[in-house]
1. Restricting attention to the stretch 193-252, and to residues there that are among the acidic types (D, E) and assigned to a helix (DSSP H, G or I), which single residue is farthest from the chain's Cα centre (by Cα)?
2. Would you pick out the residues in the stretch 122-146 that are assigned to a helix (DSSP H, G or I) and of a type outside the set (D, E)?
3. Filter the stretch 190-232 for residues that are among the acidic types (D, E) and under 27 Å from V119 (Cβ atoms); which is surrounded by the fewest Cβ atoms within 10 Å (Cβ to Cβ)?
4. Return the residues of the stretch 127-159 that are farther than 17 Å from E107 by Cα and surrounded by 20 or more Cβ atoms within 10 Å (Cβ to Cβ); say none if nothing qualifies.
5. Being surrounded by 20 or more Cβ atoms within 10 Å (Cβ to Cβ), assigned to a helix (DSSP H, G or I) and out of contact with any Gly (no Cβ under 7 Å at 6 or more places or on another chain) is the filter here, so list the residues in the stretch 172-185 that pass it.
6. Take the stretch 207-221 and flag every residue that is in contact (Cβ under 8 Å) with a residue 24 or more places away in the chain and in contact with a helix residue (DSSP H, G or I) (Cβ under 8 Å, 6 or more places away or on another chain).
7. Tell me, please, whether a residue that is in contact (Cβ under 8 Å) with a residue 60 or more places away in the chain and β-branched (V, I, T) can be found in the stretch 65-72.
8. Among the residues of the stretch 60-94, count how many are assigned to a loop (DSSP other than H, G, I, E, B), out of contact with any Lys or Arg (no Cβ under 6 Å at 6 or more places or on another chain) and either of a type outside the set (S, T, N, Q) or over 22 Å from L2 (Cβ atoms) (or both).
Amino acid sequence: MLHIKSIPAFNDNYIWLIQNSDQRCAIVDPGDAKPVLAYLKEHQLTPEAILITHHHHDHIGGVPDIVHHYPDINVVGPKQEPIPTLTHPVQDGDQIELFDVRFTVLELPGHTLGHIGYVGDDKLFCGDVLFSAGCGRVFEGTMEQMFNSLNKLLTLPDNTEVYCAHEYTTSNIAFAMAVEPDNQELKHYRDDVIRLRAQDKITLPTTIKTEKNINPFLRTEAATIVKSVANRTLNAEPLSIFTALREWKNEF
């Protein structure tokens with residue numbers, strides 16, 4: 001059985017630690033080495049792999065220092081992106097094994113061109129593609145790529161736990177409420193998140209089921225969403241709705 005721990009970094013990043021029952025672990029998107037190395041030492045863990053979702057510095061900045069301390073560690077990441085520390089470049093459909101659990105690599109372009117995610121053991125590590133109540137900015141790819149990447153995640157089982165890389169939930173909910181103010185499930189979720197953040201607690205993981213109900217970027221065919229962006233788009237096609245939402249969020 002795998003246990004997932006969060007290591008906070010920078011202002012709002014989460015570095016995820018995938019731990020098995022015998023003190024071995026893997027590290028997801030270590031943008032900063034210092035808190036990771038401290039955690040490993042404190043809990044006497046042996047890291048066997050680093051999983052990278054994309055090349056942005058807040059996701060890979062700590063990798064060289066971790067490799068320096070653990071030179072035999074495997075560094076897994078997207079084949080299509082310029083990450084010099086990789087030992088195992090992977091692409092869509094590839095599989096990796098972590099502690100007798102198989103994870104599948106998903107190609108998720110949009111935020112960056114080569115962005116990938118890892119899914120296994122009913123867990124998804126999706127970097128900056130999907131956030132709770134939101135999605136990543138489209139920096140290198142196209143709106144269509146990001147839309148298709150999110151739709152790919154929608155096909156995962158409802159009980160899939162979603163481990164995003166940032167604590168953006170509160171601000172994403174504010175936007176989601178502006179888009180869909182009468183969504184009762186969103187209101188309940190907002191109340192839960194406010195309570196968690198008041199106690200300085202993490203709002204993640206979320207689940208695919210929860211996001212289907214509260215995340216406007218996954219609800220582009222809902223009549224309430226279509227109506228909300230009617231003055232921002234020329235048609236009601238899901239991609240046009242998504243594009244209007246993402247552009248609205250950029251300026252929100």
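The values are calculated or read from the model by the stated rules, or taken from the named source; none is laboratory data. Only a predicted model underlies this, so the values are computations on that prediction, with no experimental measurement involved. FYI the Cβ positions are ideal-geometry reconstructions off the backbone, even for glycines, and counts take in every protein chain you see.
1. Our first condition is that a residue be among the acidic types (D, E); within the stretch 193-252, this holds for 200, 211, 221, 237, 247, 251.
Add one more test, that the residue is assigned to a helix (DSSP H, G or I), and what stays is 211, 247, 251.
Values: E211: 12, E247: 20, E251: 22 Å.
Of everything passing the filter in the stretch 193-252, E251 is farthest from the chain's Cα centre (by Cα).
2. Residues of the stretch 122-146 that are assigned to a helix (DSSP H, G or I), as a first pass: 143-146.
The answer is M143, Q145, M146.
3. Initially, the stretch 190-232 is screened for residues among the acidic types (D, E), giving 191-192, 200, 211, 221.
Subset that is under 27 Å from V119 (Cβ atoms): 192, 211, 221.
Numbers: D192: 13, E211: 26, E221: 11.
Among those that are among the acidic types (D, E) and under 27 Å from V119 (Cβ atoms), it is E221.
4. Going residue by residue through the stretch 127-159, those that are farther than 17 Å from E107 by Cα are 132-134, 157-159.
Residues satisfying the conditions are S132, A133, G134.
5. First, pick out the residues of the stretch 172-185 that are surrounded by 20 or more Cβ atoms within 10 Å (Cβ to Cβ): 172-173, 176, 179-180, 183.
Among the residues that remain, those that are also assigned to a helix (DSSP H, G or I) are: 172-173, 176, 179.
Answer for the stretch 172-185, where residues must be surrounded by 20 or more Cβ atoms within 10 Å (Cβ to Cβ), assigned to a helix (DSSP H, G or I) and out of contact with any Gly (no Cβ under 7 Å at 6 or more places or on another chain): I173, A176, V179.
6. First, the residues of the stretch 207-221 that are in contact (Cβ under 8 Å) with a residue 24 or more places away in the chain: 207-220.
Correct list: I208, T210, E211, K212, N213, I214, N215, P216, F217, L218, R219, T220.
7. The answer is no; no qualifying residue exists.
8. Within the stretch 60-94, the first condition is being assigned to a loop (DSSP other than H, G, I, E, B), and the residues that meet it are 61-62, 70-73, 79-87, 91-94.
Narrowing the set further to residues that are out of contact with any Lys or Arg (no Cβ under 6 Å at 6 or more places or on another chain) leaves 61-62, 70-73, 79-87, 92-94.
If we keep only those that are either of a type outside the set (S, T, N, Q) or over 22 Å from L2 (Cβ atoms) (or both) too, we end up with 61-62, 70-73, 79-86, 92-94.
Total satisfying the criteria: 17.
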